[in-house]
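**Q** Encoded as structure tokens, here's the structure I'll be asking about.
The values are calculated or read from the model by the stated rules, or taken from the named source; none is laboratory data. These figures come from a predicted structure and were not determined experimentally. In this analysis, Cβ positions are derived from the backbone assuming ideal geometry, glycine residues included, and neighbour counts consider all displayed protein chains. These area figures cover heavy atoms from the full protein model, side chains too; ligands, DNA and RNA do not enter into them. Shrake-Rupley method; radii C 1.70, N 1.55, O 1.52, S 1.80 Å.
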Amino acid sequence: MTEKNSLPAIEGGTPLRAERLPFFRPSHGEEEIAAVVETLRSGWLTIGPRSQSFRTAFLAELGLEHGWALNSCTSALFLACKVLGLGSGDEVITSPNTFAASVNVIHHAGATPVLADIELETGGLDPDSVAAAITPRTRAILAVHYGGQLCRIEELATLARERGLLLIEDAAHAFGATAKGRPPGAFGDMAAFSFYVTKNLSTGEGGFLSCRDAELENEIALMSLHGMDQGAWKRYTDRGSWFYDLSRFGYKCNITDVQSALGLVQLKRAESLLAARTRAAERYLGNLAGETALILPTVREGNLHSWHLFAPRLADGALRIDRDRFLNALAAEGVAPSLHFIPIHHHSVHREFFGDGIGESLPRSEQLYRGCFSLPLFPGILDEEVDLVSEAVLKLVRHYRS
Ligand SMILES: *Cc1c(COP(=O)(O)O)cnc(C)c1O
């Protein structure tokens, strides 16, 4: 490396890469394109036969029995709150290091979100902090599986059972992940999955809500389509009837056949997509191993990681610059980094809701936030791209070491 190359680009050195490597590239191929075209040609675009096949295939892939495909994970989490009867006066304990959806749906259902601290091994809720946050008004725990491995979900399930609480899993990152061989949805009353473009199984937008029994499944199906009798989408087929009845004040958050056609192909490719993510994550781990300024992601014993994210941390005080400056320096080298997540209580609307001082009661949430960053990780990432990102990280860490 020449002297000029070792100077960070943000300080006038030469960037490692001229054109910025994106954080994510979708991996939809010819098979997905053909499936969408075939669906358009079929004349049936919204919820229909492909939605039913996708629902069945998704449950079979996970080894779960009940659930319903929806238009997003946000809708799935919201319906979970509504169908489980959470509302005014109820407190729901969740994680601060998550996407806004996990907290906002509790608010929209009319209940009160309560933040408990996380633990640093998985980035998920810490069972002791959850136990300490329980009050007589607590009705449910909404546990987020962060980054692609299950949180300490068995302990949270035991706590929920002992204290008579409902348990909802936010499994937006966790399709393909298991704990002791069991998938998300095997622990809680309900689990919500996301098929957003960057997620491990992607239909552009889409979601799924699994649940523990057929009665809840029927309720989700009804509430996802105006309270219309479950087979109502069939009314335009040759077996259908013009008549329908509405038995609930329902919402409108069904999946479509176009999304489901994409989902069916992605399900067939699930194993190879996961293998590609795992390979890239292991390459990062190898490239970055031994660098003491970095805390690399670990996999909790018994967990299978879906590698939705590759999210290392900067060790506290290891560099002369803070994480924000580090990310700007990484971007200047030609790598688009990301960050999961700005804690909920740092956003203006939530800071106002939870109060300014709440961060002091969430020290591990703050610690994760201080150091965390996410590197590009997607099935189509090339080995040389992983190597270049690793080189950029190491170049900066070495330059800015305290
Ligand atoms: C992506 C995401 C969601 C929301 O998923 P959508 O399908 O976009 O609604 C919820 N929770 C977490 C943790 C997420 O990352």
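**Q** First obtain the Kirkwood hydrodynamic radius of the chain from its Cα pairs, then insert it into the Stokes-Einstein equation at 37 °C and 0.692 mPa s, and state the resulting D in µm² per second as a whole number.
**A** The estimated diffusion coefficient comes to 147 µm²/s.
**Q** Taking the chain as the reference, fit the longest principal axis to its C-alpha atoms, fit the long axis of helix 30-42 to the helix C-alpha atoms, and give the angle between the two in degrees, 0 to 90, nearest 10.
**A** 30 degrees
**Q** Using only the alpha-carbon atoms, how far is helix 383-400 inclined from the longest principal axis of the chain? Give it as 0 to 90 degrees, nearest 10.
**A** Once rounded, the angle reads 50 degrees.
**Q** Given the options G371, G302, G147, which has the most mean-square fluctuation in a GNM of the chain, springs set between C-alpha atoms less than 10 angstrom apart?
**A** G302
**Q** Ignoring any ligand, DNA or RNA, what whole percent of the accessible area of the chain comes from carbon and sulfur when the probe is 1.4 angstrom?
**A** Carbon plus sulfur share of accessible area: 52 percent.
**Q** Can you give me the accessible area per residue for the range 55-139, using a 1.4 Å probe, in Å²?
**A** 33 Å²
**Q** A further question on this structure: Calculate the FRET efficiency for E155 and D213 from the Cβ-Cβ distance with a Förster distance of 22 Å, rounded to the nearest 0.05.
**A** 0.40
**Q** At 7 Å along Cα-to-Cβ for each site, give me the label-to-label distance between Q52 and R300 in nm.
**A** That separation, rounded to one decimal, is 3.9 nm.
**Q** Still on this structure: With angles folded into 0 to 90 degrees, how steeply does helix 73-83 sit against the dominant principal axis of the chain? Use alpha carbons for both and round to 10.
**A** Between the helix axis and the principal axis of the chain, the angle is about 50 degrees.
**Q** Send over a whole-number figure in Å² for the accessible area per residue of the range 143-206, probe 1.4 Å.
**A** Heavy-atom SASA per residue in the range 143-206 reads 29 Å².
**Q** Where Rh is the Kirkwood radius over the Cα pairs of the range 141-265, the temperature 25 °C and the viscosity 0.890 mPa s, what D in µm²/s does Stokes-Einstein return?
**A** Calculated translational D: 152 µm²/s.
**Q** Quick one: among I47, I220, I255, which has the greatest mean-square fluctuation in a GNM of the chain with alpha-carbon springs under 10 angstrom?
**A** With Cα springs under 10 Å in the chain, the top fluctuation among I47, I220, I255 is at I47.
**Q** If you roll a 1.4 Å probe over the heavy atoms of the protein chains, what accessible area per residue do you get for the range 340-381, in Å²?
**A** 45 Å²
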